[in-house]
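**Q** Handing you a structure now.
Here, each number is a calculation from the coordinates, and none is a lab measurement. This one's a predicted model, so the numbers in the text were calculated from it and none came from an experiment. Methodologically, a virtual Cβ is constructed for each residue, glycine included, from the backbone with ideal geometry; neighbour enumeration extends over all protein chains shown.
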Amino acid sequence: MKSRRRREQVITALCTVFAVVILVALLFPTYWMVQTSFRVGREINTFPPVWFPREVTLSSYVKLFGSPHEEASLPFREYFRNSFLVAVLSGFFSIALGTLAGYAFSRFEFRGKRNLFLSVILMRAIPGLALGLPLLVLFKRVQLVNTLSGLILTYTMLNTPFVIWLMEGFFADIPAELSEAALIDGCSRWRALWKVDIPLAAPGISASAIFSFLLSWNEFAIALILTRTPASRTLPVGLFDFVGEFFIDWGGMCAAGTIILIPVVVLTFFIQRWMVRGLTFGAIK
C-alpha cells in the first residue's frame with residue numbers, strides 16, 4: 001500500500017515538473033519579447049545576454065506612438081486601426097454567415113446536405129497561404145488589392161467554414177422541441193431563432209467570435225501578399241518596417257509585438273469561460 005502511494009507521489013511530482021518545464025518553455029519567448037521592448041539598444045545585442053534589463057526605457061514605444069515632444073517614426077497607429085477594423089468586421093461577417101448556415105445544416109433536411117457540409121469543412125482544411133496567389137490574381141481584376149475590403153472578404157471566407165462547423169454541432173445539441181414550441185405559440189421561424197436558439201447558442205457564438213478575431217488579428221502571409229502601402233497594412237505586416245537592409249530594430253519590433261499581444265491576452269482572459277464552454281459543449285462534444 002505504501003509503495004503504491006509512494007509511486008503515485010513520484011508520478012505526480014514528475015508530471016508537475018514536466019508541466020512547469022513546458023510552461024516555462026512556452027512563456028519564455030513572451031517574457032523575452034516584453035523585457036527587450038524596454039531595454040536600451042546596447043543591452044539588446046550584448047553577449048552573454050542580459051536576462052533582466054539594467055536600464056529601462058520607453059524609447060521603443062515612442063517610436064510607435066510618439067510623444068508630446070516627438071512624432072512617431074512609423075505609422076503604427078494606422079496599422080493598429082487597420083488590424084482592428086479588419087478583425088472586427090471579418091469576425092462579424094463570419095459569425096453572421098456561419099451561425100445562419102450552421103443553423104440550417106442542423107435543423108433542415110435538403111438534398112446534398114451531407115456533401116455540401118463536407119465541402120465546407122474541406123475548405124477550412126486548405127492552407128490560407130495556398131490561396132494567396134489565386135486571390136492576388138482575382139483581386140487585381142476586381143481592384144481589391146491593397147484595400148481593407150479585400151482583407152475583410154478574404155478573412156471572412158477563411159473563417160466562415162470553422163464557424164459553420166462549430167455552430168452546426170452546437171445547434172444540434174439544442175433540443176429542437178424548444179423552437180418548435182415557439183413556432184406553435186405563433187412565432188415565425190426567424191423570431192424563434194432570435195428568441196430561442198441564438199441565446200442558447202451564445203457560448204458557441206462567443207467562442208467562434210474569439211477565434212475568428214484572433215485568426216484575422218494574427219494573420220500575416222495573406223496580408224503580406226494583398227497589401228502594398230501603410231494605408232492597408234495590418235500589424236503583423238507592419239513589423240517588417242523594423243527590418244532594414246543592414247540593421248534590425250529589435251527593440252521596436254518587440255515593442256510592436258507586445259502591443260499586438262495585449263488585445264489577445266485581454267480578450268482571452270475575460271472570455272475564456274465562454275471559449276471553453278463553447279468548444280466542449282458543441283461540435284467537439
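**Q** For Arg77 and Arg141 in one chain, what is 0.36 nm times their gap in residues minus the Cα-Cα distance, to one decimal in nm?
**A** Once the chain is fully extended between Arg77 and Arg141, it gains 20.1 nm.
**Q** Same structure, new question: Considering every pair of different Cα atoms, what Kirkwood radius, in Å, is found for region 151-231?
**A** Every distinct Cα pair counted, the radius reaches 14.8 Å.
**Q** Determine the calculated [θ] at 222 nm for the chain from helices alone, applying -39500 (n - 2.57) to every DSSP H run no shorter than 4 residues and normalising by the residue count; nearest 500 deg cm²/dmol.
**A** After summing the helix terms and dividing by residue count, I get -23000 deg cm²/dmol.
**Q** A further question on this structure: In angstroms, what radius of gyration and Dmax does region 2-65 have, counting Cα atoms only?
**A** Just the Cα atoms of region 2-65 yield Rg and Dmax of 19.5, 63 Å.
**Q** What shape does region 14-152 have by the C-alpha gyration tensor, where a ≥ b ≥ c are the square roots of the eigenvalues, rounded means a/c under 1.5, and otherwise prolate means a/b greater than b/c and oblate the rest?
**A** oblate
**Q** Ok, one more. Mind listing the phi-derived Karplus ³J(HN,Hα) values for region 209-217, rounded to whole Hz, using 6.51, -1.76 and 1.60 with θ = phi - 60°, and x for any glycine or proline?
**A** So the Karplus estimates, Gly and Pro as x, are 5, 5, 5, 5, 4, 5, 4, 6, 5 Hz.
**Q** Along the Cα→Cβ direction, 7 angstrom out, place labels at Ile262 and Arg54. What is the inter-label distance in nm?
**A** My value for the distance between the label points is 2.9 nm.
**Q** Sticking with this one: Given N residues in region 70-189, what is Rg(Cα) / (2.2 N^0.38 Å)?
**A** 1.40
**Q** List the GluC sites (Glu not before Pro) within region 24-126 that DSSP assigns to loop and that have no more than 11 neighbouring Cβ atoms inside 10 Å.
**A** Sites meeting the loop and neighbour criteria: Glu55, Glu71, Glu109.
**Q** Could I ask something else about it? Would you mind estimating how fast the chain diffuses translationally, via Stokes-Einstein at 25 °C and 0.890 mPa s with the Kirkwood radius over Cα pairs, in µm²/s?
**A** This corresponds to a translational diffusion coefficient of 110 µm²/s.
**Q** How about Lys63: which aspartates and glutamates have a C-alpha closer than 13 Å to its C-alpha, ignoring those fewer than 8 places off in the same chain?
**A** Glu71, Asp241, Asp249
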